[in-house]
Structures are given as C-alpha cells and as structure tokens.
Amino acid sequence: MAPTAEFCGIDPEGMGQLATSLRGAADRLTAYSEEFDGKLRQRGISTPALREIADIADWGGTQVSMLHGRIDLINALGEGAPELGGGGDRSSLVRLPDELEGFETARGLANMYGNDILVNHGGELQATLVHEHADEVAQLAKNPQAAAAFFALLPAKARDSLPSLIARTGSKTAKQDLAAFSAALGAALRAPALVPAFAKVRNDLVKPTDKTTAWNRLALLKGANAPSGVRSAAARGLALDGFTKDPRQDRRAVGPIETKAYGYSSDLVAMGLEVLAGDGAAVRDAFSKMGGTDVKLSQIDKMKLFLDYAKVIDTGDEVADAFGRVMEAGTEATTEKAGQHSPAAAAFALDAIRAAGSFGDGLPEPARGSMLTIAKSYIHELASGARFDKAVDRASGMGVPENWITLPGLTPAFYLSPGDTHRFLKTFVGDKRLTDDFDKTAAQFRHDTLTAAARLDAQGGTRHFERTARAFGDFAGLEFKATLDVRGERDATNDLIIDITKNTLALGVDRIPLVGPLADEGVKAGWELAKAYGISTALDGWADSFETRVEEVTGARSDFVLRQKYDMAHILHEAGYPASEPPAELISKSTGDLKTYDELLAEAKREASDGKKWEQMLGEKLTPYERWMDSNGKFDDKVEDASNFQASEQAKEQIRLWG
C-alpha cells in the first residue's frame with residue numbers, strides 16, 4: 001500500500017512482546033511493593049513511596065489489557081493485508097489510517113449490534129435498541145475509515161440480513177434506521193480502501209448468493225450512494241446477470257414485512273435496477289457487461305427483457321418503474337443539456353429509444369413518464385428523426401445519413417429513422433398529461449429554432465427558415481399521427497380541439513398572448529396548430545370533420561390555417577428579416593412590435609357591430625398586412641413557403657412506407 005499522510009504503522013507482534021514485558025514488570029512491582037510494605041510496617045515505618053509503586057503496577061496492568069485489546073483490533077482490521085517485506089526482512093507491520101480512537105468506537109458499535117442487539121433481543125425492545133444507536137452509526141459516515149472498520153467487524157451474518165432483521169422487529173423507524181447503516185456503508189465504499197479487512201466486505205457485497213441474502217445486500221446498498229463500479233457489480237452479481245441468463249425464473253425474494261417496512265419491491269430484478277438508478281455511469285457499465293460473456297444479446301435485447309418481464313410478473317409495475325428511471329440515468333436525460341449530450345449517454349439513449357419504441361403503446365404504464373423525460377431531453381434527435389425531406393430511407397444510427405442537410409439549431413447526437421421516431425412517440429402520447437408536458441417543450445423548441453433560423457436568413461440568402469418550418473411540420477404531424485394511432489381519431493382530435501381553443505384567440509379565447517405566461521400560450525398554440533396542419537390533409541375527410549367539430553365547440557369558424565401564415569410572418573419580422581417598416585396600424589401599442597394575428601382578431605371582435613361582422617372587420621385589418629407583405633417580395637415568399645411546408649402531409653403519408 002502506498003504511503004499516505006495519515007499513515008499509522010503498528011507491529012502487533014512487537015506490541016504483544018511489549019504487553020508481555022509490561023505484564024511481567026507490573027507483576028514484579030506488585031510483588032516487590034507487597035514484600036517490602038509488610039517488612040517496613042512491622043518496624044512502624046511509613047511506606048507512601050511503596051504505595052506509589054503499587055499504583056504504577058496497577059496502571060501497568062490496565063495498560064496490558066488495553067494493549068491486548070488493541071492487538072486484537074489491529075489484527076482484525078488488518079486481516080487480508082499482504083505481508084510486507086520479503087526474505088529475511090519479513091515484518092508483521094499492519095498499516096492502518098491514524099484512526100485508532102474511531103476504530104475503537106466502530107468496534108464497540110459492531111460488537112453491540114452483532115453480538116447483542118441483533119441476536120439477544122427481539123420485538124419492540126430490539127426495535128428500540130436498534131433505533132437508539134442508529135444515530136451513532138450514521139455519525140460514522142463522517143469518518144469513512146471508522147465506517148469501514150464497523151462493517152469489517154460486524155459479523156457477516158448480521159450484515160447480510162440487516163434489513164430483514166430490522167424490519168421484522170416491527171419498528172416504525174425501520175426505514176430511517178436502515179438509512180443510517182446505508183449512509184455509513186456508502187461512506188466506507190467511497191473512501192480509499194485503507195482498512196484491509198473491509199476489502200473482503202466490499203467483495204462479498206457483490207458476490208452472487210441466495211435470493212434472500214441478495215435482496216438484503218441490495219436493500220442496504222440502495223441508499224448508500226455507492227461508487228458507480230460497486231453499484232454496477234452489485235446489481236449484476238446479485239440480480240441482473242442471473243436474470244439476463246434466465247429471465248423466466250420468479251425473482252421474488254422476501255415477504256410483505258420487508259416491502260411494507262421500506263417501500264421496496266420484493267423482486268430482485270427491481271432491486272437490482274433500483275441500485276443502478278440515478279447513476280448513469282453505473283447503468284451504462286451494467287448493461288454493457290450484463291450476463292457476462294455467456295450472454296450474446298445486444299444491449300437493445302437486454303433492455304427488452306426487462307420490459308417483457310414487467311408485462312408478465314406480479315411485481316411488473318415496480319420493475320417497469322425502476323427500469324424507466326434506470327433508462328433516464330443511462331441517457332443522462334436530467335443531467336445533460338438537450339442538444340449537447342455526451343457520446344456515451346447518446347449511444348445508450350439510441351438503444352433505449354429503439355428498445356422502448358418496439359413496445360409502442362404496449363410499454364408498461366409506470367415507465368411512460370421516464371420515456372417522456374428522455375423525449376424532452378432528446379428533442380433534437382426526435383425532431384431530426386421526424387424529417388422526411390432527406391434520407392427518408394435511413395436506418396437509426398450514430399452516423400450522419402448520406403445527403404443529409406444540417407439545420408441550424410438542430411444538433412442531434414444520433415439520427416433516428418422516421419419509423420423509430422414514430423414508435424417511440426407512441427410510448428407516451430396515449431397519456432394526455434404526458435403529451436401536454438412534452439408539447440410545452442416541443443412548442444418552445446420550435447419557436448426558438450424558427451427564430452434562430454430567421455435571424456440567420458436575415459444575414460444572407462439562405463433558406464434555413466423554410467427548411468426548419470418543414471422539419472417541425474413533419475415533427476408535429478408525426479406526433480399527432482402517433483396520437484391518432486394510440487388513442488383513435490375522435491378522442492385525439494377532440495383533445496386537439498380543446499387545446500387549440502384554450503390557447504388561441506382565433507377559436508374564441510379572449511386573451512392576447514404577447515408577454516409572460518400569455519406569450520407562452522401563444523407559443524404552445526403554434527405547436528398545437530402545427531399538429532393540426534400536419535395531419536389535416538393526411539386522412540380522407542379529416543380536415544372537413546375537424547372544421548365542423550371546431551364550430552360545434554366554439555360556435556365560430558376555424559381560422560387555424562389562416563393564422564399559420566401570420567404566425568410565420570411575425571416570427572420572421574421579430575427575428576429581423578429584411579422588410580420595409582410595417583404601416584402604423586399594424587404596430588402594437590402594447591409591445592411596439594408587429595401585431596400578432598390574435599391581437600388583430602381581438603380588435604376585430606371588439607369593433608364588430610350590427611352593421612359589420614367580426615370576420616369582415618378582420619379582413620379589413622388584414623388588408624394592410626397583406627399589402628405590406630406583398631410589397632416585400634422575398635419576405636412574402638418566405639412566409640408563404642414556410643406556411644406551406646408546415647401544412648405538408650408528407651410526414652403522415654410517408655410513415656406508411658417508411659415506418
């Protein structure tokens with residue numbers, strides 16, 4: 001072991017010789033003081049000096065006892081350490097951190113729990129005793145080497161059944177008490193391995209064993225925040241390697257006492273996943289090695305095993321929930337920024353999306369929320385995957401497809417096929433709550449990307465705006481096509497109508513989305529409308545049916561197609577695309593910028609009278625808007641092209657061929 005600043009070298013053999021010598025010296029002093037004390041007293045001579053000698057002898061005796069105890073402690077903690085020196089220079093020196101006082105505390109706790117509380121008591125008294133000293137165990141987390149000593153000295157039988165032992169006392173604080181032991185274990189595992197005997201504990205924690213012991217080890221590790229390597233090795237060795245080799249076995253390991261006490265699953269597979277959850281490096285390492293060399297499955301196939309298992313086992317919801325959170329961790333969906341994912345996380349995400357997508361709407365419900373989290377984090381990849389303008393026959397992969405045209409603001413780490421994109425969207429769009437959450441992200445992403453494209457086009461003669469509009473038209477349409485497939489046309493369409501009427505003045509809402517939350521509603525409305533544009537010509541009679549049902553809900557004609565054109569114009573102008581100054585009547589007093597379509601509509605409705613319907617008033621207000629755009633040819637062409645691309649039905653038609 002390399003020297004450290006905290007080095008403490010002790011030779012137990014030499015210390016034993018010292019103890020023996022001290023014991024002999026103390027005995028001789030005691031005998032001497034007794035002999036001369038008796039003789040001097042017979043002659044009436046006071047002997048205070050001899051009493052001091054006797055006290056020294058007594059002190060020596062106590063030190064002998066301490067030294068023997070220290071020797072036992074050092075030998076126990078040094079167990080498993082390689083012998084130092086070589087040849088004739090062999091030494092029994094044991095190297096430990098300079099933590100002897102902390103080690104004594106750890107030994108006391110280990111002895112109290114392992115040889116008394118956990119073996120000599122039961123029921124309520126045992127629960128009380130466990131809880132009374134749990135804080136002392138938790139304090140060991142502040143001294144990792146002492147924590148390592150505690151687990152090295154705690155009998156293996158107690159350590160390997162600790163969660164069950166605590167739960168079976170009926171303790172109301174079982175979860176809190178187990179957390180104290182887990183915190184101490186985690187500290188020991190994260191610290192440098194300076195206590196040799198703890199190495200065996202560390203190795204034992206991850207070794208395959210019977211189901212009950214494996215569950216107890218995983219339960220102890222779950223709250224330990226152990227290093228990634230330990231998490232991966234434990235999850236695999238105690239649960240997941242065996243599962244991957246034979247997924248048909250029943251993996252339930254404990255009963256309702258433990259599950260109720262901690263809220264943990266009784267299923268080893270779920271518990272193995274729980275230990276991985278939250279640690280992306282551990283997740284990726286575990287899935288890359290799972291099953292060992294005997295298992296020839298791809299990473300995607302391994303992922304599918306868990307979902308298949310979750311669909312047939314009674315504990316399936318727990319497995320699916322844990323699996324979803326493991327996928328979140330492995331993809332770094334909550335720790336890395338969208339569009340800036342690391343290669344390792346992105347490669348894992350590609351496999352996760354393909355594996356989950358193969359189940360589509362059949363994905364177990366508890367995993368759907370995690371798929372939403374991944375979808376929001378990998379919005380760049382999904383938006384690119386929905387594109388039909390280039391490489392429509394592409395297969396999903398990390399490489400850039402042939403003849404691909406990169407769009408500014410879209411920075412995918414991998415490239416999905418339209419079919420894989422469609423299938424993955426189906427994993428969560430059947431849940432209106434999840435879809436609404438996703439749409440908020442998609443809507444803002446669309447608005448920001450279109451705005452950035454418009455600014456680039458304003459600097460030169462590029463057509464990024466039109467291509468970006470087309471890409472998001474495809475994306476919105478593909479999402480709604482997935483929704484139709486999962487929920488059925490009538491249900492999906494009704495919800496779309498409700499969302500549009502809620503978010504846009506064009507269909508009756510009397511608020512103007514200009515700034516703050518209202519501006520957010522306007523951005524969201526743009527995405528909802530894009531979904532309607534994208535699907536409206538894909539299905540026979542759908543557009544007419546949609547219009548009719550909008551009128552049934554709102555009592556007004558739907559202007560969603562009309563609005564799209566003016567939304568595109570507003571984004572272009574806001575981004576600074578070259579055009580003449582708009583007429584004064586088109587400038588908003590509230591913002592000083594070009595009026596939105598919703599603002600013009602609100603004015604038309606306010607100013608309508610018996611003599612003029614609001615539709616006529618709106619036409620009059622849009623007339624100067626149209627003339628202004630007509631007088632700016634390039635601006636007008638860009639608006640028209642972008643609007644037409646948004647309404648393209650290609651995504652929906654082509655998914656039939658390329659899905």
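Some notes on this structure:
Quick grid of which residues meet (1) at pLDDT below 80; (2) more than 43 Å from the chain's Cα centre (by Cα); (3) open to solvent by less than 50 Å² (accessible area, probe 1.4 Å):
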residue: A543; (1), (2), (3): yes, no, yes
residue: F546; (1), (2), (3): yes, no, yes
residue: R549; (1), (2), (3): yes, no, yes
residue: V553; (1), (2), (3): yes, no, no
residue: R557; (1), (2), (3): yes, yes, no
residue: M568; (1), (2), (3): no, no, yes
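Residue-wise test of (1) basic (K, R); (2) touching a Lys or Arg at 6+ places or on another chain (Cβ under 7 Å); (3) closer than 22 Å to H131 by Cβ.
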site: P192; (1), (2), (3): no, no, no
site: F198; (1), (2), (3): no, no, no
site: T212; (1), (2), (3): no, no, no
site: S228; (1), (2), (3): no, no, no
site: A235; (1), (2), (3): no, no, no
site: F243; (1), (2), (3): no, yes, no
site: R252; (1), (2), (3): yes, no, no
site: K260; (1), (2), (3): yes, no, yes
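- Hits in segment 153-164 (condition: assigned to a helix (DSSP H, G or I), crowded, with 22+ Cβ neighbours inside 10 Å and out of contact with any Asp or Glu (no Cβ under 8 Å at 6 or more places or on another chain)): L153, R159, L162
- G460 vs. criteria open to solvent by 10 Å² or more (accessible area, probe 1.4 Å) and modelled with pLDDT under 90: yes
- Qualifying residue in segment 251-260 (condition: in a loop (DSSP other than H, G, I, E, B) and of a type in the set (A, V, I, L, M)): yes
- Subset of segment 352-361 (residues that are open to solvent by 30 Å² or more (accessible area, probe 1.4 Å) and either basic (K, R) or in a helix (DSSP H, G or I) (or both)): R354, D361
- Enumeration of residues in segment 167-182 that are under 29 Å from the mean Cα position of the chain (by Cα) and buried (at least 21 other Cβ atoms within 10 Å of the Cβ): A167, A174, D177, L178, A180, F181, S182
- Residues being in contact (Cβ under 8 Å) with a residue 12 or more places away in the chain, open to solvent by 20 Å² or more (accessible area, probe 1.4 Å) and within 14 Å of A180 (Cα to Cα) - total across segment 131-152: 9
- The residue of segment 308-324 that is farthest from Y264 (Cα to Cα), among those that are buried (at least 22 other Cβ atoms within 10 Å of the Cβ) and of a type in the set (D, E, K, R), is D321.
- Any hit, segment 237-250, residues being farther than 20 Å from L221 by Cα, more than 18 Å from the chain's Cα centre (by Cα) and not in a loop (DSSP other than H, G, I, E, B): yes
- Every residue from segment 268-291 that is in a helix (DSSP H, G or I) and among the small types (G, A, S): A270, G272, G280, A281, A282, A286, S288
- Considering segment 89-130, and only residues there that are among the polar types (S, T, N, Q) and modelled with pLDDT of 80 or more, the residue that is least open to solvent (accessible area, probe 1.4 Å) turns out to be Q126.
- Residues in segment 165-185 that are assigned to a helix (DSSP H, G or I), more than 22 Å from A197 (Cβ to Cβ) and not aliphatic (A, V, I, L, M): K175, Q176, D177.
- In this structure, A224 qualifies as open to solvent by less than 10 Å² (accessible area, probe 1.4 Å) and under 16 Å from A277 (Cα atoms).
- Out of G339, G369, one residue alone is touching a His at 6+ places or on another chain (Cβ under 9 Å) and either under 23 Å from T483 (Cβ atoms) or outside any helix (DSSP H, G or I) (or both). It is G339.
- Test: residue in segment 339-346 that is open to solvent by 10 Å² or more (accessible area, probe 1.4 Å), closer than 20 Å to F306 by Cα and small (G, A, S): no
- Scanning segment 477-494 for residues that are assigned to a loop (DSSP other than H, G, I, E, B), modelled with pLDDT under 95, farther than 17 Å from A575 by Cβ and open to solvent by 10 Å² or more (accessible area, probe 1.4 Å) turns up at least one hit.
- Scanning segment 414-438 for residues that are in a loop (DSSP other than H, G, I, E, B) and open to solvent by 30 Å² or more (accessible area, probe 1.4 Å) yields K426, G430, D431.
The values are calculated or read from the model by the stated rules, or taken from the named source; none is laboratory data. Keep in mind that this is a model prediction, so the values were computed, not measured. Note that we place each Cβ from the backbone using ideal geometry, even for glycine, and neighbour counts take in every protein chain shown. Surface accessibility is based on the protein's heavy atoms, side chains included, excluding ligands, DNA and RNA. Shrake-Rupley method; radii C 1.70, N 1.55, O 1.52, S 1.80 Å.
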